[in-house]
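Single-structure report; data block below.
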Amino acid sequence: MTHHIIKATSNTVHLGGFSHEIESVLMIESGDTVDVETYTGYYIYDKAPPEFLTPEFVDICQNLPPERKIAGGPHLLTGPIYVREAEPGDILEVKLEAIKPSLPVGFNAIRTGWGALPHQFTQPALRFIPLDLENNVAEFPVNSGIKIPLRPFFGILGVATPETQRSSIPPGCYGGNIDNRELQAGSRVFLPIFVPGALFSIGDGHAAQGDGEVNVTAIETSMNGRIQLTIRKDLQLTAPIAETSTDIITMGFGETLDAALEQALNNMIDFLVKLTKISPEDAYVLCSLAVNFRITQVVNIPHKGVHGMLPKSVFSGEINLSLI
């Protein structure tokens, strides 16, 4: 196993989405670990305070090569990372070993026409929010006494697909803009692979977010992390699935919350049938009795997200994901 480091520069990040045509920035073996640096705020950097503007971030915003820009999304992503021997049909296991904000400030933006209440909050608004990294909280509004615990995670974890231009805004079977706040350090995400090498990219750091991400953004900030990428040829998945210390998480994405819930539910039923060999009907009942379905996000047009959380404590022994 080898450890690698990727610094975010104009040669190692890309903007706007995923494409198998974007040149990879690192080639690794399955099981290698990578320290990754990510930046966010490409479209608001000219409005940002000095503490948000590292020289490297400014250079990216001013000098990102055209070939590393994809139309569609506002996100800066670090990568792609090419994993040797990864083939379509395999699964990429992404272990999130460490996640930490790199700046003492983040931002939240309301965008006209976006969010859960676009007709009620019609004016754009940009707020920069100080982060108390020593005490791991953010006070919002400032001097209000309301303190939000920081629970940093990466909003976007995804692989490339055969499409040459895939926006970074919607999530899908490839991962992408999942925006699931449960994916903290220590969790694992499993993504279907669609192209040789997987071509994994990461970004969209969130210092804190509520389920739903209702006004379009979380506390967006630049984020550093350590990940381990492993090719799993023993798993059969058609949609992302995740594991935390306490839960198995299935995901569903759809143009409505009903459609997203149905997909997350069917994915959980399929998981339970494969894992435990119980009948689909029994799995359906078990979902009603023990699985918590939550709104992941409602703002990543055109796909809203729902995730189902199955407590691992309901099983008498360890869960062997290789059985699915």
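3J(HN,Hα) along region 202-210: 9, x, 6, x, 10, 7, 7, 7, x Hz, from the Karplus curve 6.51 cos²θ - 1.76 cosθ + 1.60 with θ = phi - 60°, whole Hz, x for Gly and Pro. With 0.36 nm allotted per residue and the present C-alpha distance subtracted, the Thr244-Thr2 stretch has 84.7 nm of extension available. Note that region 33-46 has calculated 3J(HN,Hα) couplings of 10, 9, 7, 10, 10, 10, 10, 9, x, 3, 8, 10, 5, 6 Hz, one per residue in order, obtained from phi through the Karplus relation 6.51 cos²θ - 1.76 cosθ + 1.60 (θ = phi - 60°); glycine and proline are x.
In the chain, helical runs assigned H by DSSP with n ≥ 4 each contribute -39500 (n - 2.57); averaged across all residues and rounded to the nearest 500, the mean residue ellipticity at 222 nm is -4000 deg cm²/dmol. If only the Cβ of Lys and Arg carry +1 and only the Cβ of Asp and Glu carry -1, the dipole of the chain around its Cα centre is close to 320 debye. Summing Lys and Arg as +1 and Asp and Glu as -1 over all other residues whose Cβ lies under 10 Å from the Cβ of Ser222 gives a net charge of -3. For region 171-295, the gyration tensor built on C-alpha atoms gives an oblate shape. Its axis ratio a/c (a ≥ b ≥ c) is at least 1.5, and a/b is not larger than b/c. Highest mean packing comes first when the peptides 100-110, 51-61 are listed by Cβ atoms within 10 Å, giving 100-110, 51-61.
How many lysine pairs in region 180-314, separated by 8 or more positions in sequence or lying on different chains, have Cα atoms less than 23 Å apart? Qualifying lysine pairs in region 180-314: 4.
For Glu87, the amide hydrogen comes within under 5 Å of the amide hydrogens of Gly197, counting only partners 5 or more places away or on other chains and with H modelled in the peptide plane.
Taking label positions 7 Å along the Cα-Cβ direction at both Glu139 and Val214, the computed distance is 2.5 nm, reported to one decimal. Peptides 78-85, 173-180 ranked from most to least packed, by the mean per-residue count of other Cβ atoms within 10 Å: 173-180, 78-85.
Local charge for Ile249 was computed over the other residues whose Cβ lies under 12 Å away, with Lys and Arg +1 and Asp and Glu -1, and equals +1.
Estimated from the Cβ-Cβ distance and a Förster radius of 45 angstrom, the FRET efficiency linking Lys100 and Glu281 is about 0.50. Between Thr256 and Ser316, what is the FRET efficiency for a Förster distance of 45 Å, r being their Cβ-Cβ separation, to the nearest 0.05? It comes out at approximately 0.75. Long hydrophobic helices in the chain: the complete DSSP H runs spanning 24 Å or more by Cα along their own axis with mean Kyte-Doolittle hydropathy of at least -0.5 are 257-276. Computed from label points 7 Å out along Cα-Cβ, the spacing between Glu51 and Arg84 is 4.4 nm. In percent, rounded to a whole number, the relative contact order of region 144-196 is 41, using alpha-carbon pairs under 8 Å and six or more apart. Mind checking which lysines have their C-alpha under 27 Å from Lys47, skipping anything on the same chain fewer than 8 residues away? Within reach: Lys7, Lys69, Lys100, Lys147. Note on Ala125 and Asn11: the extension gain reaches 37.9 nm, defined as 0.36 nm multiplied by sequence separation minus the Cα-Cα distance. Please say if region 17-141 is rounded, prolate or oblate, where rounded means a/c under 1.5 for a ≥ b ≥ c the square roots of the C-alpha gyration tensor eigenvalues, and otherwise the choice is prolate for a/b larger than b/c and oblate otherwise? Prolate shape, in that a/c is at least 1.5 and a/b is the bigger ratio. When nucleic acids and ligands are ignored and a 1.4 Å probe is applied, Asp247 ends up with an accessible area of around 20 Å².
The values are calculated or read from the model by the stated rules, or taken from the named source; none is laboratory data. None of the values given here were measured: they were computed from a predicted structure. Backbone-built Cβ (ideal geometry, glycine too); neighbour counts: all protein chains shown. In case anyone asks, the SASA skips ligands and DNA or RNA and just uses the protein heavy atoms, side chains included. Shrake-Rupley method; radii C 1.70, N 1.55, O 1.52, S 1.80 Å.
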